[in-house]
Amino acid sequence: MNHIPAVHAEGLVKSFGDFRAVDGVDLHVDQGEIYGVLGPNGAGKTTMLKMLATLLPIDGGRAEIFGVDVRRDPHRTRQLLGVTGQYASVDENLTANENLWLFGRLQGVSSRTSRATAAQLLEQFGLQEAANKPISQFSGGMRRRLDLAASLITRPPLIFLDEPTTGLDPRTRGQMWDTIRELVAGGCTVLLTTQYLDEADQLADRIAVIDRGRKVAEGTPDELKASVGNSTLRLRLTDAAEQTVAADVVRRLLGEDPVLSPESGRLNVALDAADRAADVLISLREAGIGITSVSVDAPTLDEVFLALTGHDTGDSVDPSATADSRQLEVAR
Amino acid sequence: MTMQMTQPAPVATPPRRLTPGDIAARTTSHNSLRETISQTMSMAWRATKKMRRNPEQFFDVTIQPLLFTAMFAYLLGGGLSGSVEAYLPLVIPGILAQTALTACMATGVQLREDMEKGVFDRFKSLPMARIAPLAGPMIADLLRYAIASTLTFVTGIAMGYRPGGGVAGVAMAIVLTMIAGWSLAWVFTWVGTLARSAQSVQGISMMIMFPLTFMSNALVPVETLPSWLAAFVKVNPVSYVVTATRDLANDGTVTGHVGWALVACAAVIAVFAPLSVRSYKRHL
Ligand SMILES: Nc1ncnc2c1ncn2[C@@H]1O[C@H](COP(=O)(O)OP(=O)(O)O)[C@@H](O)[C@H]1O
Ligand SMILES: [Mg+2]
């Protein structure tokens, strides 16, 4: 086959002064894929996208979009990309219709085609009623949809979505997910960033986990979740003093160290399969340990993080301190 | 049957993958001149929409001509020319230039404010000529210069000014003011791309604008000035514009001063347009 990767980057670096916001990231996205970049606030996701989108100079490494060198040929790169930033990048002074028309005109689409595409996109995104309203009257979800529509007016083959659903309510979020899936069904390639494991899980074919400007893991959602167990059992003990005993029971049964929060009597442990939870509960009952609440959930980004990096997603926390306190908790 | 497909279901063909040939075919290496002009006009369209929705943007070009014409004429007229009527032919073209300069100062401030908005991130990500977001609003601003210069003449005429150049002379003076405003706006656009905030653009622009307008022959005849000041006043591009405007409005003659004014405008554009684009690109 003669086709080329949608994104190919090697050793991307961006420094702000002494601080390396992106520190040697390799990225390879195939055509037709949804590729998720997962990481907490401040991990360097936006910075990375901006470099790939020619919005920030690349300090080190190299990047190609459909084989076009981003640094050497930014003009060509821009013709292949639709960028939807983390913060709404539509014009507040114009209506939805005018926005889309303008972005079409600025990219060489004829006035008539631009108007037709705008109408079509507004309908596709459920915005036709708001087409002639000022953007200031739009809800957060409407803005995001308009923002995405604005990136599609020239039907670019590659779309960047920076945290497309952060701050949206669950229903609007589901709609956004459907829209993204439709894009890919139509032949688009999508590179998206997110802070939510479930979003990456729902949408992405492959995921890169980014932490402090570095890629710490990459794989399919299943591979990633398998590294932390497929689900997490969360328990709250009636008597916090029984935590050590409970932890021993769990460790013996699953061969896995639970994570304890001594002050609240909480105990969390990763499970390979959700039905192992029953075994844990039975063993605890046999050991005479009381439980006030139980839940089995998918692992959170925090837990994936903890497993991959040894520290949690807290932005300001010193990694060694977090690792120490975790060991302390486990040892207690 | 209760359910009916209104459209034939799309045939599920796997989407075609792009080859290097496809990529070369759907991209160009740079914007052509035609594309650049079209993009600039689209940005101008955006600016006119913005103006219409924020009418306070017209305050400086409506209030100031009325206020300054009356103020300077009554304040300085008696002292400088013996009477208000005798001073008007001298001061009206001066105020014209002054108002145009104030209007183009707003160009820089507004560009800076605009650049801080989210939509500029999108503009930057588009394959758009880098001059279009700068030149577009400036073209829309021609409207503001036209309003400002027309109002200045109207106020003057109401106060007793009778331009000797007639309608044609006045029209040419207005056109020259618009050209001069557009040219000098590049200076402030450059400041707009350079400064850190809209406030600092305002501050720096004031420092440029005041010497340019007051240290010119806009309000006083050069002969009344000390020689060191006269030297600056004579090379100040605003002086060329003011002299040329006087020739056009008062005599209706296209003198050499008009030529020199146009040369001065061209020189300002030649220096500051490339500087602005370069500085704007560095923001990326
Ligand atoms: N223009 C900038 N100047 C200095 N530091 C920056 C700048 N942009 C981002 N950063 C820093 O780089 C890091 C990564 O930021 P960002 O890419 O926005 O993270 P994310 O999108 O993953 O939340 C953060 O610590 C942020 O403070
Ligand atoms: Mg971000």
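Side notes on the structure shown:
- Where a residue in segment A:13-31 is over 9 Å from A:G213 (Cβ atoms) and its partner, wherever it lies, is more than 10 Å from ligand 1 (Cβ to nearest atom) and of a type in the set (A, V, I, L, M), with Cβ under 6 Å and at least six apart: A:L27/A:V7; A:L27/A:A9; A:V29/A:A6; A:V29/A:V7; A:V29/A:L191; A:Q31/A:A6
- Residue pairs meeting the criteria (Cβ under 6 Å; at least 6 apart or on separate chains; first more than 7 Å from chain A (Cβ to nearest Cβ), in segment B:23-43; second crowded, with 18+ Cβ neighbours inside 10 Å): B:N31/B:A129; B:T36/B:A129; B:T40/B:A132; B:T40/B:A135; B:T40/B:G136; B:M43/B:A132; B:M43/B:P133; B:M43/B:G136
- Of the criteria (1) within 16 Å of ligand 1 (Cβ to nearest atom); (2) of a type outside the set (D, E); (3) buried (at least 23 other Cβ atoms within 10 Å of the Cβ), which one A:G42 fails: (3)
- Meeting the requirement of 1 or more residues that are modelled with pLDDT of 85 or more, the strands (runs of 3 or more DSSP E) wholly within segment A:248-332 are A:266-271, A:291-297.
- Among the conditions (1) modelled with pLDDT of 85 or more; (2) under 20 Å from B:S205 (Cα atoms); (3) of a type outside the set (G, A, S), B:M43 misses just one, which is (2).
- Qualifying residue in segment A:98-115 (condition: modelled with pLDDT of 90 or more, within 9 Å of chain B (Cβ to nearest Cβ) and touching a Gly at 6+ places or on another chain (Cβ under 9 Å)): no
- Any hit, segment B:161-180, residues being modelled with pLDDT under 90 and hydroxyl-bearing (S, T, Y): yes
- Unmet criterion (only one of (1) out of contact with any helix residue (DSSP H, G or I) (no Cβ under 7 Å at 6 or more places or on another chain); (2) crowded, with 19+ Cβ neighbours inside 10 Å; (3) within 10 Å of another protein chain (Cβ to nearest Cβ)) for A:D73: (2)
- Each residue in segment A:13-22 was checked for being more than 6 Å from ligand 1 (Cβ to nearest atom) and surrounded by fewer than 19 Cβ atoms within 10 Å (Cβ to Cβ), and 6 pass.
Conditions tested, residue by residue: (1) aliphatic (A, V, I, L, M); (2) more than 16 Å from ligand 2 (Cβ to nearest atom); (3) under 26 Å from B:H30 (Cβ atoms).
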| site | (1), (2), (3) |
| --- | --- |
| A:L38 | yes, no, no |
| A:G44 | no, no, no |
| A:L55 | yes, no, yes |
| A:D73 | no, yes, yes |
| A:L100 | yes, yes, yes |
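- Only residues that are within 14 Å of chain B (Cβ to nearest Cβ) and within 23 Å of B:A24 (Cα to Cα) were counted in segment A:1-37, giving 13.
- The single condition from (1) surrounded by fewer than 20 Cβ atoms within 10 Å (Cβ to Cβ); (2) away from ligand 2 (no atom under 16 Å from the Cβ); (3) over 29 Å from A:K133 (Cα atoms); (4) away from every other protein chain (no Cβ under 11 Å) that A:A63 fails is (1).
The values are calculated or read from the model by the stated rules, or taken from the named source; none is laboratory data. Just so we're clear, the structure is a prediction, and the values are computed from it rather than from any experiment. Reconstructed Cβ throughout: ideal geometry from the backbone, glycine too, with neighbour counts over all protein chains shown.
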